[in-house]
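Quick notes on the structure that follows.
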Amino acid sequence: MQIGVAYSEPGNQIWVTIEVPETATVTDAIKRSGILDQFPHIDLTKQKVGVFGRLVKLDAALRPGDRVEIYRGIIADPETVPRRDLADD
């Protein structure tokens, strides 16, 4: 089946479409995608993953057309960052 795997950093995004077996898990797809080779600092034991924006576990089963996403950690606490008033733009 065909699925996508996505990862993004400031200035560098990747989204690959790959073929995986029908029994593939999120981990299988990430490993097969080659993203871990391109971004060796990704640590799947610490970083969260999801499918179409919904958090899932690494052993979650995939369905045809799924988009696996590897999330980066939050670097700024949204509670403490001043909000921009879009009305002033």
Among what's in the stretch 7-45 and is among the small types (Gly, Ala, Ser) and at pLDDT 95 or above, pick the residue that is surrounded by the most Cβ atoms within 10 Å (Cβ to Cβ).
Ala29
Could we say that Val56 is surrounded by 13 or more Cβ atoms within 10 Å (Cβ to Cβ) and over 17 Å from Trp15 (Cα atoms) here?
yes
Per-region count, the stretch 1-19, residues farther than 11 Å from Pro64 by Cα and among the hydrophobic types (A, V, I, L, M, F, W, C):
5
For the stretch 6-62, name all the residues that are in a loop (DSSP other than H, G, I, E, B), of a type in the set (A, V, I, L, M, F, W, C) and without any contact (Cβ under 8 Å) to a residue 60 or more places away in the chain.
Val20, Ala24, Phe39, Ile42, Leu44, Phe52, Leu58, Ala60
Evaluate the stretch 75-86: report whether one residue or more is in contact with a helix residue (DSSP H, G or I) (Cβ under 8 Å, 6 or more places away or on another chain) and either modelled with pLDDT of 95 or more or outside any loop (DSSP other than H, G, I, E, B) (or both).
no
So, of the residues in the stretch 35-63 that are among the small types (Gly, Ala, Ser) and closer than 16 Å to Ala6 by Cβ, which turns out to be farthest from the chain's Cα centre (by Cα)?
Ala60
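The values are calculated or read from the model by the stated rules, or taken from the named source; none is laboratory data. Owing to the predicted nature of the structure, the values given are computational and were not obtained by experimental measurement. Reconstructed Cβ throughout: ideal geometry from the backbone, glycine too, with neighbour counts over all protein chains shown.
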